[in-house]
1. Answer yes or no as to whether residue B:108 is closer than 22 Å to residue A:48 by Cβ and modelled with pLDDT under 90.
2. I'd like the full set of residues that are under 23 Å from the mean Cα position of the chain (by Cα) and in a loop (DSSP other than H, G, I, E, B), limited to the range A:89-106.
3. Which residue, of A:94, A:106, is in contact with a helix residue (DSSP H, G or I) (Cβ under 9 Å, 6 or more places away or on another chain), in contact (Cβ under 8 Å) with a residue 24 or more places away in the chain, within 17 Å of residue B:41 (Cβ to Cβ) and at the interface with another protein chain (Cβ under 8 Å from one of its Cβ atoms)?
4. Examine the range A:181-188 for a residue that is within 14 Å of chain B (Cβ to nearest Cβ), in a helix (DSSP H, G or I) and at pLDDT 95 or above, and state whether such a residue exists.
5. For residue A:86, indicate whether it is farther than 24 Å from residue A:184 by Cα and over 24 Å from the mean Cα position of the chain (by Cα).
6. I need the full set of residues from the range A:149-165 which are exposed (fewer than 13 other Cβ atoms within 10 Å of the Cβ) and under 20 Å from residue A:82 (Cα atoms), in order please.
7. Checking the structure you have, find out if any residue of the range A:47-56 is under 30 Å from residue B:105 (Cα atoms), over 24 Å from the mean Cα position of the chain (by Cα) and either at pLDDT 85 or above or more than 12 Å from chain B (Cβ to nearest Cβ) (or both).
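The values are calculated or read from the model by the stated rules, or taken from the named source; none is laboratory data. A quick note: this is a predicted structure, and the numbers were derived from the prediction, not measured. Every residue, glycine as well, gets a Cβ built from its backbone with ideal geometry; the counts of neighbours run over all protein chains shown.
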């Protein structure tokens, strides 16, 4: 048929003929978005289970000054997270977590600056900002390690049990701060987030090495920095939610 | 050589000046909102009202991170909705499980 020859001459360009980019984003970036969407479900489920557990426990209704740790009620976060490295025995509610939040927001900014430098094909700037991001990410991980160590060890006072004994610190079955479930969720949620930060730092180190070796410059674009950047901002985003629902509310 | 549509840089000789004003603006907004959260945490009594304020401020922060840092605001409409619509499932799960938790708590305190 004569129509066959015309179809061979012209490339197909209909909606379903392939070659269309309705989302105007590269394959890699699109897949990173979808991965992050699925990750958002995981973190969302974690935080919602935290809310569920909280609603199934008695809230503390007394005066905040008279608050004492008990397995009867859910603890007030300000009374749990009030320690700061080097300032032993001082009551500094949420001070350390504020520092951690600032570090993570700052690392997000240096990450955008690296992406921006990548758009300009400025290899030196990309290296510089990636290095800052790695530094802030590693600092955040160090802070979290300290916080975990403190949470696990507990303070001198501990929690007075009904039989007169005291428990100190927390693990998956015993918790001086409140119901054991509180400690479990702390370990799972901040631990899962910390694992993400750790993976992010590993990815950042990998793309830093590639940048130094000029891999992306030879390739002609720094899209890999953008993709890891998306992941890194997502980790920051999750922390914003963890911070609110775990430490503030 | 340059596949990136934003600039056509073919050689390293002339690297354009960085355009970072918007980035730092977003950073200061995020820091200001976080500072505001601490003001509320220390100077307002705990309760539903304070929690609502915290959640609204958190959503503001989330908006700035996703829209500006993750650049979603500047993507196509189709991509924005592809990401945003499935997140409605999280909202549904949250409403469902919080109601479930309250019901469970009420049941065990009233009947046992």
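1. Numbers: closer than 22 Å to residue A:48 by Cβ: yes; modelled with pLDDT under 90: yes.
When the stated conditions are applied, residue B:108 passes them.
2. Step one: filter the range A:89-106 for residues under 23 Å from the mean Cα position of the chain (by Cα), giving A:93-106.
If the condition is that a residue be under 23 Å from the mean Cα position of the chain (by Cα) and in a loop (DSSP other than H, G, I, E, B), then A:93, A:94 are the ones that fit.
3. Numbers: A:106 fails: within 17 Å of residue B:41 (Cβ to Cβ).
Being in contact with a helix residue (DSSP H, G or I) (Cβ under 9 Å, 6 or more places away or on another chain), in contact (Cβ under 8 Å) with a residue 24 or more places away in the chain, within 17 Å of residue B:41 (Cβ to Cβ) and at the interface with another protein chain (Cβ under 8 Å from one of its Cβ atoms) holds for just one of A:94, A:106, which is A:94.
4. No - not one qualifying residue is present in the range A:181-188.
5. Working: farther than 24 Å from residue A:184 by Cα: yes; over 24 Å from the mean Cα position of the chain (by Cα): yes.
Against the criterion (farther than 24 Å from residue A:184 by Cα and over 24 Å from the mean Cα position of the chain (by Cα)), residue A:86 qualifies.
6. A:149, A:153, A:156, A:157
7. Checked against the condition, which is being under 30 Å from residue B:105 (Cα atoms), over 24 Å from the mean Cα position of the chain (by Cα) and either at pLDDT 85 or above or more than 12 Å from chain B (Cβ to nearest Cβ) (or both), the range A:47-56 yields at least one hit.
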